[in-house]
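A.B. asks: Just dropping this structure here.
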Amino acid sequence: MTTLPVEVLMQRARSRGESTAFIFQDDVWTYRRLAEESERVARGLAASGVKVGDRVVLHMMNRPEMLVAYYACFWLGAIAAPFRTAFKFAELLPMLQRLQPALYIGETLLYPNVAAVDTTLLPREKRIVLDENGGTYGVRSWEALKQSAHGDLPIPASNEPAVLINTSGSTGQPKFVMHTQDTLAAMSGILGGSFGFSADDVIASPLQLAHGSGLYLSLSYVQTGAPFIMLQTADPDIVLDGIERHRCTWLVGFPYQYAGLLEAQQARPRDVSSLRLCLTGADVCPVDLQKRVTVALGAPLRNVWAATEVAGQLAFGLQPGPVARVAKDAQIRLVDGNGDDVADGEMGELLIRGENVFIGYWNDPAATAQSLKNGWYCTGDLMRRGEGDELWFVSRKKDIIIRGGTNISPTEIEDAVVASHPAVEAAGVVGKPDPVLGQRVFAFVKLTAGAKKSVVAEILQNVAGRLAAFKVPEGLRVIDALPRNAMGKVDRRALERMIAEDDGAGSPSEAAPSRAGGERRARRVARR
């Protein structure tokens, strides 16, 4: 039987009360302090009229109060609804309208994006702001919430929704992934076991608590007794300084964050010799970046697979590339379009089953039915089995490019483009509509500082030497930055819109020639 997050915290507070749970800006939070603050806030929420099942919006950067608020909601049986810190008013308003929250807890930096919300939707007395300036916005303060604490707390059902984490999905309207205390408890245990965290580790954690990855891992750190450094942002200098100061042994982050770490470490080297392992997920990490980070930080950078809906069944890979390992006792399948298991070595959609799988999407039965089938979560990720317990990521099911009836993985091409030339910092590949072939391969690249666009022809020539002719990009454009979503992943839908807009406006693109009729020498041309 799994132990619920609040129960785990209370056990830590009793058995290791003065041990470090986490450090934030050199402020040490012990397990006892975290437990006492969480209970106090839970009683404050109850005194404010928050009941079991009510939604409490959490709108903060990484800071102790964010983790305290999560545990407080678990204690009370309220549903924590974290909001992405990058969202603006136009994105937050419809989410508030859908959630109808009983309380909003935010911070000074982010509250302006909510301040204009109509008071009939979110009354002022239901707004709490961690305001270091003392009442700037004329709403309730965090301290006032804690001072109003009184009364007994209920014993909430562990199988009811405990968190609603928004995820972009493919429709444009965010979905709210529902996890219960049971699924969170199972996930914490599985993550701790498959990753191997221990009380001897010190983990640098820049992942935002407003995201599933930051929350799940933080709960797992408490579960395993591993102290962590809660970093407010993923600023490369702050991360590197934190690793050096606290002698961190683990680092977790996204691929684009590691690219920034490389540059910052080169500009001002820090002593990061304490690192044993670096993990990356959320998007495919180019092999070349993995190798460069491993050399620069002196610790291997390994890929791990996870989703907002479930994490833990796949442990990190043991070699460079988009590879993960099936954890012990994990229930997974790879299936074809008919739902039948594929043969070893063949590509199939990853399905996962287990106690840590989410229970559905908030008020969205259609999306839930599409993703949860007979207890299996249909991930939408296409993978193939490798040696032993390895699983190799191929592509997102919705991202597959179909050119002349042939399936093409954009991630394979992105890896080849990045590896083709030292001037390429990052790449994004999508399918461009074509009346004859259905789609053609089109690539976007961000070049390194100082690189000239004249390298485009050389890049394409090098890619042609690495890939089959039908996979080589038939168009390539240099852009200043690749669009990314809130999780740091390359936003392929945004790239597709850029192509559509240019086609509509007749704008030229830097490109390789069409090669539908056979192989041609790659060169830079203008296409409309």
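Read-outs throughout are calculated quantities, based only on the coordinates presented, and are distinct from any laboratory measurement. Quick caveat, the model's predicted, so the values are computed rather than measured. Cβ atoms come from the backbone with ideal geometry, glycine included; neighbour counts cover every protein chain shown.
A.B. asks: If you place +1 on the Cβ of every Lys and Arg, -1 on the Cβ of every Asp and Glu, and leave all else neutral, what size is the dipole of the chain about its Cα centre, to the nearest 20 Debye?
C.D. replies: Result for the chain is approximately 1040 debye, rounded to the nearest 20.
A.B. asks: Using the alpha-carbon atoms, what tilt in degrees (0 to 90, nearest 10) does helix 89-99 show relative to the longest principal axis of the chain?
C.D. replies: 60
A.B. asks: Projected onto the charge dipole of the chain (+1 at Lys/Arg Cβ, -1 at Asp/Glu Cβ, origin at the Cα centre), which of G348, P123, V252 gives the Cα projection farthest towards the positive end?
C.D. replies: It is G348, whose Cα lies furthest towards the positive end.
A.B. asks: Rank these for me by crowding, H211, H246, H59, going from fewest to most other beta carbons within 10 Å.
C.D. replies: Ranking H211, H246, H59 by Cβ neighbours within 10 Å, fewest first, gives H246, H211, H59.
A.B. asks: Once the Cα atoms of helix 181-195 and of the chain are each reduced to a long axis, what angle between those two axes, in degrees from 0 to 90 to the nearest 10, is obtained?
C.D. replies: Between helix and principal axis, roughly 60 degrees.
A.B. asks: Setting aside same-chain residues fewer than 8 positions from K452, which aspartates and glutamates have a Cα under 17 Å from its Cα?
C.D. replies: E425, D480, E510
A.B. asks: Additional query: Among P410, W75, Y377, flag the residue with its Cα farthest along the positive direction of the charge dipole of the chain, charges on Cβ as +1 for Lys/Arg and -1 for Asp/Glu.
C.D. replies: P410
A.B. asks: In region 12-163, with Lys and Arg counted as +1 and Asp and Glu as -1 at Cβ, which of these residues, T30, V41, P154, has the Cα nearest the positive end of the dipole, that is, farthest along it?
C.D. replies: The one lying farthest along the dipole's positive direction is P154.
A.B. asks: Using modelled amide H (1.01 Å from N, peptide plane; none on Pro or chain starts), what sits under 5 Å from the amide H of S395, excluding residues fewer than 5 places away?
C.D. replies: When sequence neighbours closer than 5 places are left aside, the close amide H contacts are L382.
A.B. asks: Where does region 393-436 land on Rg(C-alpha)/(2.2 N^0.38 Å)?
C.D. replies: 1.26
A.B. asks: Going by how many other beta carbons lie within 10 Å of each one, how would you line up F442, F393, fewest first?
C.D. replies: The most exposed by this proxy come first: F393, F442.
A.B. asks: From the helices alone, meaning DSSP H stretches of at least four residues, give me the mean residue ellipticity at 222 nm for the chain, per-run term -39500 (n - 2.57), in deg cm²/dmol to the nearest 500.
C.D. replies: -9500 deg cm²/dmol
A.B. asks: Going down the list K291/K446; K88/K175; K398/K453; K398/K446, which pairs span over 25 Å between their C-alpha atoms?
C.D. replies: K398/K453
A.B. asks: Count neighbours as other Cβ atoms within 10 Å of each site's Cβ, and list the trypsin sites (Lys or Arg not before Pro) in region 305-362 that are DSSP loop with at most 16 such neighbours.
C.D. replies: Passing sites in region 305-362 are K328.
A.B. asks: Right, here's the next one. Run the simple label-point estimate for R268 and R16 please: 7 Å along Cα→C-beta, distance reported in nm.
C.D. replies: 3.3
A.B. asks: Order of I238, I413 from fewest to most other C-beta atoms within 10 Å?
C.D. replies: I238, I413
A.B. asks: Mind grabbing the base-10 log of I(q)/I(0) for region 315-395 at q = 0.17 Å⁻¹? Debye formula, identical points on the C-alpha positions, no solvent, two decimal places.
C.D. replies: -0.70
A.B. asks: May I ask for the angle, rounded to the nearest 10°, between helix 212-224 and the longest principal axis of the chain, with both axes built from Cα atoms and the value confined to 0 to 90°?
C.D. replies: Helix 212-224 sits at roughly 60 degrees to that axis.
A.B. asks: Would you list which lysines come within 25 Å of K328, measuring only between C-alpha atoms, while excluding same-chain residues fewer than 8 positions from it?
C.D. replies: Within the straight-line cut-off, K328 pairs with K373.
A.B. asks: Here's a follow-up. By DSSP, what percent of the beta bridges with both residues in the chain are antiparallel, rounded to the nearest 5?
C.D. replies: 60
A.B. asks: Give the cross-link partners of K51 among the lysines, using a straight C-alpha distance below 18 Å as the criterion and excluding same-chain residues fewer than 8 apart.
C.D. replies: Leaving aside lysines fewer than 8 places away in the same chain, those within reach of K51 are K126, K146.
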